[in-house]
Amino acid sequence: MGKLSGKVAVVTGASKGIGAGIAKALAAEGASVVVNYASSKAGADEVVSAITSAGGKAVAVGGDVSKAADAQGIVDAAVETYGRLDILVNNSGVYEFAPIEEFTEAQYRRQFDINVLGVLLTTQAAVKHLGEGASIVNVSSVVSTITPAATAVYSGTKGAVDAISGALARELGPRKIRVNTINPGVIVTEGTHSAGVIGSDFEAAAVSQTPLGRVGHPDDIASIAVFLASDDAKWLTGEHIVASGGMR
């Protein structure tokens with residue numbers, strides 16, 4: 001019996017990277033998981049296949065979290081498929097880095113729509129189904145506090161996620177729904193590879209500032225998500241767990 005047996009989870013942006021790792025880890029502990037994707041159905045299907053091959057339960061559900069109807073549809077799919085909802089992991093996120101002279105309104109809109117509005121819309125859809133003991137885990141970033149140069153927009157979105165999480169922890173606490181964030185440092189994912197982060201001077205600089213001497217991997221974050229989703233964290237809400245190997 002896993003520590004999440006009988007629970008139902010939605011993980012947004014779970015077709016790859018951190019989201020895929022979290023979905024697999026939740027399923028390994030017994031949760032039935034809705035693996036949400038925005039565009040990569042093939043990636044989500046691979047995650048579902050990995051979960052079901054290991055004896056777990058999962059379905060892939062498409063949807064853009066920045067659209068209210070889609071966010072509602074993702075949550076509805078969980079309830080229609082599994083009959084309940086206990087865990088929401090708001091992981092969907094995008095990033096583009098640019099100096100202040102070069103960022104565009106389109107970049108701002110895309111990042112804030114997905115990273116911030118998406119958290120609000122999916123949570124709004126979920127709370128009507130979440131009951132006592134439920135857990136919301138928002139994936140933020142260490143950039144909300146270390147604020148690297150050329151990340152004004154992205155760091156702004158993650159600062160907003162931290163603030164939203166704190167407000168929701170107070171708002172939903174009386175209903176015994178917990179809200180916490182995980183704030184990862186640099187993680188090796190398809191996204192950081194394609195963005196040129198891995199193997200770059202930026203990665204080297206990050207590692208040099210990290211006491212544990214390496215960048216992170218999705219499993220490093222997934223285990224924390226399992227903890228926050230489980231009763232092991234039943235006395236935690238409104239917390240920001242900085243998962244960066246000690247980088248501050």
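Points to keep in mind about this one:
- The gain in end-to-end length when the residue 98 to residue 42 segment is fully stretched comes to 17.1 nm, 0.36 nm per residue minus the alpha carbon separation.
- Charged side chains reduced to their Cβ positions (Lys and Arg at +1, Asp and Glu at -1) give the chain a dipole of some 660 debye around its Cα centre.
- Derived from the Cα gyration tensor, the three semi-axes of the equivalent ellipsoid of the chain are 27, 19, 18 Å, largest first.
- Residue 171-residue 110 FRET efficiency (beta carbon distance; Förster radius 30 Å; 0.05 resolution): 0.65
- Secondary structure note: in the chain, about 0% of the DSSP beta bridges are antiparallel.
- Rg/Rh ratio calculated on Cα atoms of the range 1-133 (Kirkwood radius): 1.02
- Scaled radius of gyration (Cα, divided by 2.2 N^0.38 Å) that the range 33-72 gives: 1.22
- Think of the range 111-248 as a dipole: +1 on every Lys or Arg Cβ, -1 on every Asp or Glu Cβ, centred on the Cα centre; then among 247, 217, 114, 114 lies furthest on the positive end.
- If you take the Cα centroid of the range 113-167 and the Cα centroid of the range 45-106, the two points sit 14 Å apart.
- Global form of the range 98-153, assessed from the alpha-carbon gyration tensor, a/c cut-off 1.5: oblate
- Label point distance in nm, residue 223-residue 239, each placed 7 Å from Cα along Cα→Cβ: 1.6
- A cut-off of 5 Å between modelled amide H atoms, ignoring neighbours fewer than 5 places along the same chain, links residue 134 with 178.
- The ellipsoid equivalent to the alpha-carbon distribution of the range 137-248 has semi-axes of 27, 16, 11 angstrom, derived from the gyration tensor eigenvalues as √(5λ) and listed largest first.
- Loop-located GluC sites (Glu not before Pro) in the range 64-133 (DSSP state other than H, G, I, E, B) with a sparse environment of at most 12 neighbouring Cβ atoms within 10 Å: 101, 102, 132.
Coordinate-derived values only; no laboratory data. In this text the structure is predicted, and so the values were computed from the model without any measurement. All Cβ positions, even for glycine, are placed from backbone atoms using ideal geometry, and neighbour counts span all protein chains on display.
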